[in-house]
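Encoded as structure tokens, the structure appears first; notes follow it.
The values are calculated or read from the model by the stated rules, or taken from the named source; none is laboratory data. In this text the structure is predicted, and so the values were computed from the model without any measurement. Here the Cβ positions follow ideal geometry from the backbone for every residue, glycine too, while neighbour counts run over all protein chains shown.
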Amino acid sequence: MVRPPPTSFSDVYLNFESVQLDGNAERSKTLVTSLTNHMMEDVIVEWCHDDTGVFSITPKSVKITANDSQLFECKFTPPDNDQFYQEILSAGVYWVDTRKSDETDLYATVPIPIRLRLLGYSFPTGRRWIPHIVIPDTVILPPCLIGFATHTTFQLKIKGY
């Protein structure tokens, strides 16, 4: 029998896609994901502080009972136009409430680390990202025998924007 991981997200990553900052368009976008506790004990999830402020997640700290799930609301608020944004939000999963310290404790509980990748961009409608490199449209590989690998090199050209 395959045992599930201690915790799992409903989504591997959240892609907010486009949030536009022009005119009356929306200035933020919200997506929801859930975290499932597969352990037989209650856990406490505490999210680390995000310094950029582009992405946020609520609740910041929550208790999830055994074999239960919790919804997390993630918000994307880009500060500038024409930018890609990505962030990996980190949290610690504590299977006991270690925030209450006791002088008689001689050990420390290390949390289970979890991460959630968030992606988004702020390009206006009709505009897109301009790459800084050019890759050839066609790359011709040399012939080889079946079952053997082949390789070649090609030149990447850097554009000066």
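General remarks:
- Count of region 27-42 residues, restricted to those that are touching a residue at least 60 places away in the same chain (Cβ under 8 Å) and either under 19 Å from Thr7 (Cβ atoms) or aliphatic (A, V, I, L, M) (or both), is 2.
- Sole residue being touching a Lys or Arg at 6+ places or on another chain (Cβ under 8 Å), among the hydroxyl-bearing types (Ser, Thr, Tyr) and in contact (Cβ under 8 Å) with a residue 12 or more places away in the chain, chosen from Ser69, Ser61, Ser56: Ser56
- Those residues of region 46-61 which are surrounded by 15 or more Cβ atoms within 10 Å (Cβ to Cβ) and under 12 Å from Leu71 (Cα atoms), in sequence order: Ile57
- Restricting attention to region 81-96 and to residues that are touching a Phe, Trp or Tyr at 6+ places or on another chain (Cβ under 7 Å) and aliphatic (A, V, I, L, M), the residue that is surrounded by the most Cβ atoms within 10 Å (Cβ to Cβ) turns out to be Ala91.
- Being acidic (Asp, Glu), part of a strand (DSSP E or B) and at pLDDT below 90 is true of Glu17.
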